[in-house]
Amino acid sequence: EAAALLPVLLAQEEELQFLRFTNDDALTLGTRLVTLAKEKTPYKGITVAITRNGQLLFHHAMQGTTVDNENWIRRKTNTTVRLQHSSYYIGRLLATKDQTEMEQSYKVPTADYACHGGAFPLIIKDVGCVGAIVASGLKQDEDHALVVQAIREMIADQ
């Protein structure tokens with residue numbers, strides 16, 4: 001299952017690239033993420049964050065979230081920014097090696113990095129990964145799908 005997902009996840013990263021990404025774009029995308037989360041899972045608390053070049057451009061913690069969600073956001077962001085792939089891709093890649101944590105393959109502490117879905121690289125076409133778009137609060141595949149849907153919709157509207 002994990003191996004079959006890898007090409008799909010890589011294709012998403014190839015497809016979902018912005019031509020530009022301003023602070024106002026972060027507000028638009030972040031608001032879209034929050035709206036989608038409320039529509040899809042009205043009874044679950046989700047935290048979303050968008051960073052670019054180390055700067056937090058958007059953050060919202062819905063009712064029902066805790067500081068644990070903040071920690072997941074930080075750890076997933078670290079993974080995506082360092083490895084320039086979605087945290088879900090990294091987790092599925094490790095699963096093909098029967099690994100569940102990043103310490104063995106990447107020599108990074110679990111306290112600071114997470115290989116669970118929810119962080120997607122903020123990719124500028126012909127530039128590369130400049131940040132992360134992250135959700136925390138659902139199952140990892142749902143966090144990932146939520147972020148992908150929001151990015152896909154925003155790019156379609158640009």
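Just so you know, all these numbers are worked out from the coordinates, no wet-lab data involved. Everything numeric here is computed off the predicted structure, so don't read it as measured data. Neighbour counts are summed over all protein chains in view; Cβ atoms, including those assigned to glycine, are modelled from backbone coordinates with ideal geometry.
For the range 87-158, just run the numbers: alpha carbon Rg, then divide by 2.2 N^0.38 Å, N being how many residues it has.
Here the answer is 1.20, to two decimals.
Can you pull the Rg over Rh of the chain, Cα-only, Kirkwood?
That ratio equals 0.94.
Considering the zone a paramagnetic label at Thr41 would reach in this model (a point 7 Å from Cα along the Cα-to-Cβ line), which residues of the range 1-31 have amide N under 18 Å from it?
30-31
Compute the FRET efficiency between Lys125 and Thr96 as 1/(1 + (r/R0)^6), taking r as their Cβ-Cβ distance and R0 = 30 Å, and round to the nearest 0.05.
0.60
With both bridge residues required to lie in the range 5-158, what share of the DSSP beta bridges run antiparallel, to the nearest 5%?
Given both bridge residues lie in the range 5-158, the antiparallel proportion sits at roughly 95 percent.
Given the DSSP H assignment, sum -39500 (n - 2.57) over each helix run of at least 4 residues in the chain and divide by its residue total; what's the result at 222 nm in deg cm²/dmol, nearest 500?
-16000 deg cm²/dmol
I need the shape label for the range 57-128. Rule: rounded when a/c is under 1.5, else prolate if a/b > b/c, else oblate, with a, b, c from the alpha carbon gyration tensor.
Judged from the Cα gyration tensor, the range 57-128 comes out oblate (a/c at least 1.5, b/c at or above a/b).
At what distance in nm do the modelled label points of Glu1 and Gln104 sit from each other, each positioned 7 Å from its Cα along Cα→Cβ?
Computed distance between label sites Glu1 and Gln104 equals 1.9 nm.
Report the FRET efficiency, 1/(1 + (r/R0)^6), for Asp112 and His60, where r is their Cβ-Cβ distance and R0 is 22 Å, rounded to 0.05.
With a Förster radius of 22 Å, E is 0.45.
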